[in-house]
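One structure is given here, and the rest of the page talks about it.
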Amino acid sequence: MIREQLARIQDNMARAAQRSGRDPKEISLLAVSKTVPVEEIAKARDCGQFLFGENYLQEAATKIPLLANNNIQWHCIGHLQSNKAARAAELFAVVQTVDRLKIAQALDRHTKIIGKTLPVLVQVNIGREKQKSGVLPEQAKKLLREIRKQTDLPVLGLMVMPPYDPNPEASRPYFREIAELTRLLADQQLFENNERPVLSMGLSHDYEVAIEEGATMVRVGTALFGSRPAGAPTISYPE
Ligand SMILES: *Cc1c(COP(=O)(O)O)cnc(C)c1O
């Protein structure tokens, strides 16, 4: 089943890219594996999927070691507290949820101690939702400047999660707005590679729209692994 779902998603991704005149190779798929057992993750890995995203540090800390030596790149997509930064810096290859200087500094400190380079994304609260993490769009530039000045973390780009609406078209204006902001910030040389800033957006229900609007990475969970157990949070909140 995972093989078929993966093929279907990749096919949809390629078609969305073509619709908007983009090269499908520019867009990668992050398989969101929160609540998914390691056996299922291993199956996806066997099908050639190597980017995975986890939200909860505790869960990631148990699963990641069980899948060591699989050449998997793990991304942190859950909200991080500074006191968990050390563990996150050890576990993950990329942290997509940096939304304040303090967390960037904590990650920077710990990556230096363990001698690791940790690329990050800055999470933007594009819908200005009270309950969601992320820096407000108008404060993104200031935060990027501070991270540059005060840390050595390579900031690859931005990550967003617009307000949830089952209709994928409802996400489009948000995706468009963040793509514009990404271009603006890249013009000001605020990312690691300003020719190719990373833009992580789009979930199971709206990844095709996200690609049409410029996503370079989509984060897909349920469309790949099936629905999560009842009660499992859809969105990442503090542990
Ligand atoms: C759970 C989650 C996803 C995946 O959501 P699906 O609807 O299952 O595709 C993507 N991004 C973040 C930050 C998540 O928490």
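The values are calculated or read from the model by the stated rules, or taken from the named source; none is laboratory data. Since we're looking at a predicted model, the values are computed, not measured. FYI the Cβ positions are ideal-geometry reconstructions off the backbone, even for glycines, and counts take in every protein chain you see. Accessible surface areas use protein heavy atoms only, side chains included; no ligands, DNA or RNA. Shrake-Rupley method; radii C 1.70, N 1.55, O 1.52, S 1.80 Å.
What is the local net charge at Leu66, summed over the other residues whose Cβ is closer than 13 Å to its Cβ (Lys, Arg +1; Asp, Glu -1)? So the environment of Leu66 carries a net charge of -2. Packing around the peptides 152-164, 2-14, 202-214, taken as the average count of other Cβ atoms within 10 Å per residue, puts them in this order, highest first: 202-214, 152-164, 2-14.
The per residue volume of the convex hull around the alpha-carbon atoms of region 56-192 is 126 Å³. Checking the table Lys63/Lys142; Lys43/Lys102; Lys43/Lys142; Lys43/Lys116; Lys43/Lys149 against a 30 Å threshold on Cα-Cα, which pairs fail? Going by Cα-Cα distance, Lys63/Lys142; Lys43/Lys102; Lys43/Lys142; Lys43/Lys149 fall outside the 30 Å limit. Rounded to whole numbers, the Karplus 3J(HN,Hα) couplings from phi for region 139-154 are 9, 4, 4, 4, 5, 4, 4, 5, 4, 4, 6, 9, 9, 10, 5, x Hz, using 6.51 cos²θ - 1.76 cosθ + 1.60 with θ = phi - 60°, and x at Gly and Pro. Springs between alpha-carbon atoms under 10 Å, Gaussian network over the chain: tell me which of Leu66, Leu143, Leu107 tops the mean-square fluctuations. Answer for the Gaussian network model of the chain: Leu66. Arg176 sits with roughly 120 Å² accessible to a 1.4 Å probe, with DNA, RNA and ligands left out of the calculation. Solvent exposure of region 108-198, expressed per residue, is 55 Å² of accessible area, with all protein chains present and a 1.4 angstrom probe. Rolling a 1.4 Å probe over the protein heavy atoms of the chain, with every protein chain left in place, gives an accessible area that is 50 percent carbon and sulfur. For region 184-197, backbone phi angles converted through the Karplus equation (6.51, -1.76, 1.60; θ = phi - 60°) give residue-by-residue couplings of 4, 5, 5, 4, 8, 6, 9, 10, 5, 10, 7, 6, 9, x Hz, Gly and Pro being listed as x.
The largest accessible area among Phe50, Phe175 belongs to the first residue in Phe50, Phe175, and the rest follow in falling order (1.4 Å probe, all chains). When region 146-239 is described by a simple charge dipole with +1 on each Lys and Arg Cβ and -1 on each Asp and Glu Cβ, the residue from Gln188, Leu203, Gly221 located farthest towards its positive end is Gly221. Note on the chain: GNM, Cα springs under 10 Å; of Gln189, Gln131, Gln58, the largest mean-square fluctuation is that of Gln131.
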